[in-house]
Structures are given as C-alpha cells and as structure tokens.
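Chemist: I have a structure I would like to understand better, so I am pasting it below and will then ask my questions one at a time.
Quick note: the coordinates plus some simple rules give every number you see, no bench work behind them. Treat the numbers as computed from the prediction; the structure is a model and nothing was measured. Ideal geometry is used to build each Cβ from the backbone, glycine not excepted, and the neighbour counts take in all protein chains shown.
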Amino acid sequence: MNISPSDVLLLAHATFGAGGCLAALWVFVETLNASPDNARRIRSGAAVTAICMAAAWICGGYWYVQFYPAEKVLILGGPWPFAHNLFMETKEHLFFITAILAFLLPIATREKIYSNAAASKLVLSLTAMILITGLTVEGAGAIIDHGVKLALLRGSSR
Amino acid sequence: MMNSTTAPDSSKLSPITSAFVLAAAVAVLFNTALAWAKDGYAPLNNFMKSLTGHPWTTHGLADLLLVGALGFIFVKTGVAERMDPHRLIAILVASVVIAGLGLLLWYTFV
C-alpha cells in the first residue's frame, strides 16, 4: 500500500466533516426529545460536532494550502473546470459558515433546552443549518474529486 | 416537538448565547462579503496572502477573530440580550441563507 500524508489528510478531512454532520443530526434528534435526562447527551453531541468541524478545518485547510494547487491545475485543464471555479470556490468559503455554526452549538446547548422554547428552537435551527451546509460541502468535495479524476483519465487516454 | 412532560417555562436566551448568535450572524455575512471583495479586488487578495501565506487562511482567521470580538462586545453592551430571541434566531437563519446563496450566485455568474 502506498498511502501518502496528502491522502491521509484528505480522507481525514472528509471523515471529520461527515462525523460533524452526523453529530449535528444526533443533537437535532435529541433536542426534539429534550428532557433533563438527555441534557448531558445534547451537550456531548454539540462538543463532538464542534471538535469534528475543527478537525475537518485543520486537516482540510492544511491539505488545501499545501497540496490542492497541483490538483487545481489538473481540474482547470480538464473537462470539468467548474469543479474548481464553482464548486471549490463555493465550498472553501461555505465551510467557514458551517464551522461558525458548529462552534456556536456548544454555547447554545449550555441553555436548558428542555424548558426553554427559544433555546430549543435555536439548537434545532443550528443543527439543521450545520447539516445542510455540511452535506453541501461534502457533495462539493465529491464533485471536485471527480473533476480531478476526469482530468487524469483524459490525460492518460491521450 | 418537545417532551410533553417538560413544557417550556422560559423563552429567553442567556446574555452570552444571545451575543454569540448575533456575532455569528454578522460574521457569516462578513464571510461572504470578504469572499466577494478578495475575489474582485486582487490587491486585497495579495494583502491577505502576505499576512499568513495564503488568503484562505487569513480569511478563516478573520472570521474567527470577528466572531470572538463581536461576541465579547455584544456581551458587554447587552445589545443582543435586549433583542427578542426568536427574532435573533430568524436573523441568524436569514444571514446563513443570504450568505450561502451569495457565495453560490457569485461563483456561478461572476
């Protein structure tokens, strides 16, 4: 097996991102059934969401700065230049929104969600937005990856 | 939606939560505005690159600093605390929708 640090970083980035989305879904479901009994689980889920998104940021950020420029050249020379021009450009900035919301979640879950309608609404809104933006970012990552693949396939078939 | 045995007895957010919700709403809009600005004005992009080595890194740090600074300011001034919490949540959701669509439309058409 030949797994480079670049591969590890990229896969860790996507895995932490997916983990953050799943943790946000966990918090959403727990909040729908909020009671004093699951208050601790809600706070744990919020912490996991924030930690996963921070890890996704660090892994993805380092990979993006150090390794992406070579892939960008490939994508722009390939059949799917929009994989960079539209999807990567949108993803790299949309992710900041996901991260800001994820870091806000542990603060919001310090409230007594089971007895506070506004706090419950806030946590449901936050987790729903983390899920939607997070899954959009994940999907954009798959399209960027496919842009590289198509460029390499076209290059090797020449 | 909520457990029927624990009916809501309060509908206010703490001063810290309110402050950081408003700070996040502003930061999310700032994030999109900065993306537009650095994409449309190369000197800004170059300046951001000179600060950390990559404009994207500077962009992320600027977002985090803004959330922290605004959150602190809003806690101290009590601006967010005085707002209706449901309105505050609506502002945050609207900010995310506007900022997200703003990024998508910018990179689709510009």
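Chemist: Evaluate the stretch B:6-23: report whether one residue or more is surrounded by 21 or more Cβ atoms within 10 Å (Cβ to Cβ) and closer than 21 Å to A:Asn85 by Cα.
Modeler: No.
Chemist: Still on this model: Go through the stretch A:14-26 residue by residue and tally those that are touching a residue at least 60 places away in the same chain (Cβ under 8 Å) and either within 14 Å of chain B (Cβ to nearest Cβ) or of a type outside the set (A, V, I, L, M, F, W, C) (or both).
Modeler: Adding up the residues that qualify gives 3.
Chemist: Would you tally the residues in the stretch B:52-90 being assigned to a helix (DSSP H, G or I), surrounded by 17 or more Cβ atoms within 10 Å (Cβ to Cβ) and more than 9 Å from chain A (Cβ to nearest Cβ)?
Modeler: 7
Chemist: I need the full set of residues from the stretch A:73-115 which are at the interface with chain B (Cβ under 9 Å from one of its Cβ atoms), closer than 27 Å to B:Ser11 by Cβ and either under 14 Å from the mean Cα position of the chain (by Cα) or not hydrophobic (A, V, I, L, M, F, W, C) (or both), in order please.
Modeler: A:Ile97, A:Ile100, A:Leu101, A:Phe103, A:Arg110, A:Glu111, A:Lys112, A:Tyr114, A:Ser115
Chemist: If I filter the stretch B:31-51 down to residues being among the hydrophobic types (A, V, I, L, M, F, W, C) and buried (at least 19 other Cβ atoms within 10 Å of the Cβ), which single residue comes out as farthest from the other protein chains (Cβ to nearest Cβ)?
Modeler: B:Met48
Chemist: Would you mind stating whether A:Ala119 is crowded, with 22+ Cβ neighbours inside 10 Å, more than 22 Å from the chain's Cα centre (by Cα) and in a helix (DSSP H, G or I)?
Modeler: Answer is yes for this residue.
Chemist: Do the conditions hold for B:Ala27, that is, is it within 11 Å of another protein chain (Cβ to nearest Cβ) and under 12 Å from the mean Cα position of the chain (by Cα)?
Modeler: yes
Chemist: When only residues in the stretch A:56-72 that are within 15 Å of the chain's Cα centre (by Cα) and facing chain B (nearest Cβ under 8 Å) count, which is surrounded by the fewest Cβ atoms within 10 Å (Cβ to Cβ)?
Modeler: Applying the filter and picking the extreme gives A:Gly61.
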